[in-house]
Amino acid sequence: MKTWRSWPWTIALAAVLAGFVFLGLIGLGLRTSWGEILISLLVTGAAVAGLLRVLATGVRATPSGLIIRDLTRTTRVLWTQVRRVSCAPTDRRGVHAPVLHLSAPPNVKGSRRGTGAQKDVEITVLASYKPDVAQRRADQIEAARVAAKQRSR
């Protein structure tokens, strides 16, 4: 299906982390003691892991829902849980992001009390300082939701 990314932030952060990988590899060549080599390996490994995660960030639409990959977590949201998608300001001044408005999950026998309400999901990985960019992304996600809903009928 479709994948959305915030390319300016992805490219900038990937370039910084690629620089750390490059410096770490140079450092490995210059080190002489096992302690220095171990530290260089750890830093280089962390930079590579960070770089791979940055390159995987974004939002992917699948036939069953969305996969939202931030730097630190992956969230899966089923289309059946999403009532609508809108654009709203975030808690950061001047930043707007798409928001998934979720419906309450069905009451399941044996479920814990107080777990029926779900919060809306703010897709901060697609946030923008330009409200029209965030609105365009929200509209695209809403269109993907409607298309998936029509295909499932």
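So, in segment 1-23, exactly how many residues are surrounded by fewer than 14 Cβ atoms within 10 Å (Cβ to Cβ) and assigned to a loop (DSSP other than H, G, I, E, B)?
2
Test Thr80 against the criterion of being at pLDDT below 95, surrounded by fewer than 17 Cβ atoms within 10 Å (Cβ to Cβ), hydroxyl-bearing (Ser, Thr, Tyr) and part of a loop (DSSP other than H, G, I, E, B), and give yes or no. Reasoning before the result, please.
Numbers: at pLDDT below 95: yes; surrounded by fewer than 17 Cβ atoms within 10 Å (Cβ to Cβ): yes; hydroxyl-bearing (Ser, Thr, Tyr): yes; part of a loop (DSSP other than H, G, I, E, B): no.
For Thr80, the condition - at pLDDT below 95, surrounded by fewer than 17 Cβ atoms within 10 Å (Cβ to Cβ), hydroxyl-bearing (Ser, Thr, Tyr) and part of a loop (DSSP other than H, G, I, E, B) - is not met.
When you go through Arg151, Arg145, Arg112, Arg137 one by one, which is the residue that is at pLDDT 85 or above, surrounded by fewer than 11 Cβ atoms within 10 Å (Cβ to Cβ) and charged (D, E, K, R)?
When all the criteria are applied, what remains is Arg151.
Mind checking which pairs have a first residue in segment 117-139 that is more than 14 Å from Val82 (Cα to Cα) and among the hydroxyl-bearing types (Ser, Thr, Tyr) and a second that is open to solvent by 30 Å² or more (accessible area, probe 1.4 Å) and outside any strand (DSSP E or B), Cβ under 7 Å, 6 or more apart or different chains?
Once the first residue is more than 14 Å from Val82 (Cα to Cα) and among the hydroxyl-bearing types (Ser, Thr, Tyr) and sits in segment 117-139, its partners that are open to solvent by 30 Å² or more (accessible area, probe 1.4 Å) and outside any strand (DSSP E or B) give Tyr129/Gly94.
Take Arg93 and tell me if it is part of a strand (DSSP E or B), out of contact with any Leu (no Cβ under 6 Å at 6 or more places or on another chain) and at pLDDT below 95. Explain how you work it out, then say what you get.
Details: part of a strand (DSSP E or B): no; out of contact with any Leu (no Cβ under 6 Å at 6 or more places or on another chain): yes; at pLDDT below 95: yes.
It is false that Arg93 is part of a strand (DSSP E or B), out of contact with any Leu (no Cβ under 6 Å at 6 or more places or on another chain) and at pLDDT below 95.
Just to check your reading of the model, which residue among Ala56, Ala46, Ala97 is small (Gly, Ala, Ser) and open to solvent by less than 20 Å² (accessible area, probe 1.4 Å)?
Values: Ala56 fails: open to solvent by less than 20 Å² (accessible area, probe 1.4 Å); Ala46 fails: open to solvent by less than 20 Å² (accessible area, probe 1.4 Å).
Exactly one residue qualifies, and that residue is Ala97.
Can you tell me which residue within segment 55-76, out of those that are in contact with a strand residue (DSSP E or B) (Cβ under 7 Å, 6 or more places away or on another chain) and not in a strand (DSSP E or B), is nearest to Glu122 (Cα to Cα)?
Of the residues in segment 55-76, the ones in contact with a strand residue (DSSP E or B) (Cβ under 7 Å, 6 or more places away or on another chain) are 56-60, 64-69, 74-76.
Keeping just the survivors that are not in a strand (DSSP E or B) gives 56-57, 64.
Numbers: Ala56: 18, Thr57: 15, Ser64: 19 Å.
Among those that are in contact with a strand residue (DSSP E or B) (Cβ under 7 Å, 6 or more places away or on another chain) and not in a strand (DSSP E or B), it is Thr57.
Among the residues of segment 24-34, is there at least one that is outside any strand (DSSP E or B) and touching a residue at least 40 places away in the same chain (Cβ under 8 Å)? I'd like the intermediate steps shown before the answer.
Restricting attention to segment 24-34, the residues satisfying the condition of being outside any strand (DSSP E or B) are 24-34.
Imposing the further condition that a residue be touching a residue at least 40 places away in the same chain (Cβ under 8 Å) reduces the set to none.
No, because not a single residue in segment 24-34 is outside any strand (DSSP E or B) and touching a residue at least 40 places away in the same chain (Cβ under 8 Å).
The values are calculated or read from the model by the stated rules, or taken from the named source; none is laboratory data. Since the structure is predicted, the reported quantities are computational estimates derived from the model, not experimental observations. Neighbour counts run over all protein chains shown; Cβ positions are idealised from the backbone, glycine included. Side chains are part of the model used for accessible areas, which takes the heavy atoms of the whole protein and leaves out ligands, DNA and RNA. Shrake-Rupley method; radii C 1.70, N 1.55, O 1.52, S 1.80 Å.
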